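J.: Below you'll find the structure I mean.
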Amino acid sequence: MTDVVKRYEGNPIISAQMIPGANAVFNSAVTRFEDRYAAVLRVESKHGFQTMRMAWSDDGIKFNVEPGEIMAPTEEPYLTYEEAIYDPRITKIGDDYFICYAAENRYGCQVSVSRTRDFRTFEKVAIASEPTNRNMVLFPEKINGMYVRLDRPFQPGGQGHIWMCDSPDLVHWGNPRCVIESRRFAWDQGKIGPGAPPIRTDEGWLVIYHGTTPRCNGLIYKTGVALLDLDDPSKVIARGKEYLMAPTEEYERVGDVPNVVFVTSAVPDFEKDEIRLYYGAADTCFCMATARITDLIEFAKTG
Ligand code: BMA
């Protein structure tokens, strides 16, 4: 299948030039909120700190970035579990919006969860893993009475697969299972991780993930698609053979980390059969692409 994904021609939609003091803005979380789009931005400041800011949009393309940080690591090194916070993902469950993010500290990287109902006040729910783990995404509903998440624990040798665990309260997690493995000799042979939070479709949970191809000058970050069983999401129903998206545009090829497309949000519109994929490009700017939901499902079945 070709041309399943259509990049927005005005990419990038958010860049560091829009934010005073920013070096880069990328890998951010977008969701519908009332009749607008809310975005929690990963902003790297010029002094190197990773912080998060709010941005709002009527159309999901032109965003106004609010002044000030909504979440920031402490300025006291070695005194906190959240020295650098980044790669937020948003999942709405009931009236709550949960923001899962990477929290880096002197022990490695952990995943944290915050809750908001209005994107004005944020309440910490938990630091939800031991080191080292990243890319936590929550399913948008309880499954068999439990909250469920995907994440990516680290493995020696720079490897890593997509795991799942569950929790009665979002604080205590267990029942870890490896769900989607990297594939030897394929485009996703390096470490892989969940991208956007899973989306319920009639055919299964749609999972957009990132996979890496190791090359002599570093990793190339690409995008893949899989479908998980609705009742038992530890079962993979289908997984696309090829990558859905790879860095091809200049803003994906050139930047602080070249050759990166990193999807962190997917906003579906089932009536229009369209999904918006929001992604960081080259660890430098933030972009958008669209696809038909039915095409993504068919794409997953090509495996
Ligand atoms: C991953 C994460 C992402 C980043 C990517 C490419 O390990 O750190 O935030 O976009 O590397 O540098």
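Read the figures in this text as sums done on the coordinates, not as results from a lab. On a predicted model such as this, the values are computed, not experimentally measured, just so you know. Heads up, the Cβs are rebuilt from the backbone with ideal geometry, glycines too, and the neighbour counts pull from every protein chain shown.
J.: Which lysines, on any chain, are close to residue 92 with Cα under 25 Å apart, when same-chain ones fewer than 8 places away are left out?
T.: Output for residue 92: 62, 124, 142, 235, 272.
J.: For residue 169 paired with residue 120, estimate the spin-label separation in nm (one decimal), with each label point 7 Å from Cα along the Cα-to-Cβ line.
T.: 2.9
J.: Exposure proxy check: 112, 265, 234 ranked by fewest other beta carbons within 10 Å?
T.: So the residues, fewest neighbours to most, are 234, 112, 265.
J.: Pop out the ³J(HN,Hα) list for region 227-239 in order, Karplus 6.51 cos²θ - 1.76 cosθ + 1.60 with θ = phi - 60°, rounded to Hz; leave Gly and Pro as x.
T.: Residue by residue, region 227-239 yields 10, 10, 4, 5, 8, 10, x, 7, 9, 7, 7, 7, 8 Hz.
J.: So if I average 1/r over every pair of distinct C-alpha atoms in the chain and take the inverse, what Kirkwood radius in Å does that give?
T.: Averaging 1/r across every pair of different Cα atoms and inverting gives 19.0 Å.
J.: Still on this structure: Would region 1-101 count as rounded, prolate or oblate if I go by the C-alpha gyration tensor, calling it rounded below 1.5 in a/c and otherwise prolate when a/b exceeds b/c, oblate otherwise? Mind showing how you got there, number by number?
T.: Working: a/c = 1.78, a/b = 1.41, b/c = 1.27.
Verdict is prolate for region 1-101.
J.: Right, something else. If R₀ is 30 angstrom, what is the calculated FRET efficiency for the pair residue 250 and residue 271, using the beta carbon separation as r and rounding to 0.05?
T.: Efficiency computed from Cβ-Cβ geometry: 0.30.
J.: Right, something else. Grab the Cα-Cα distance for residue 154 and residue 181, subtract it from 0.36 nm times how many residues apart they are, and report the gain in nm with one decimal.
T.: Roughly 8.5 nm would be gained on extension.
J.: Going by how many other Cβ atoms sit within 10 Å of their own, how do 274, 104 line up, fewest first?
T.: Going from least to most buried by this count: 274, 104.
J.: Based on Cα coordinates alone, diagonalise the gyration tensor for region 190-303, multiply each eigenvalue by 5, take square roots, and list the semi-axes in whole Å, largest first.
T.: Here the semi-axes work out to 25, 16, 11 Å.
J.: Which value in deg cm²/dmol, rounded to the nearest 500, describes the helix-derived mean residue ellipticity at 222 nm for the chain, given -39,500 (n - 2.57) per DSSP H run of n ≥ 4 and division by the residue count?
T.: Numbers: 2 runs with 12 residues, N = 303.
Mean residue ellipticity, 222 nm, calculated: -1000 deg cm²/dmol.
J.: Apply 1/(1 + (r/R0)^6) to the Cβ-Cβ distance of residue 202 and residue 9, taking R0 = 30 Å, and write down the FRET efficiency to the nearest 0.05.
T.: Numbers: r = 31 Å, r/R0 = 1.04.
Once rounded, the FRET efficiency stands at 0.45.
J.: Still on this structure, I have one more. Want the number for residue 290 to residue 144: 0.36 nm per residue separation, take away the alpha-carbon distance, what's left?
T.: Gain on extension, residue 290 to residue 144, equals 49.4 nm.
J.: About its Cα centre, what dipole magnitude does region 6-300 give when the only charges are +1 on Lys and Arg Cβ and -1 on Asp and Glu Cβ, stated in debye to the nearest 20? Mind dumping the intermediate values first?
T.: Values: 33 positive and 42 negative charges, 133 e Å.
Once rounded to the nearest 20, the dipole reads 640 debye.
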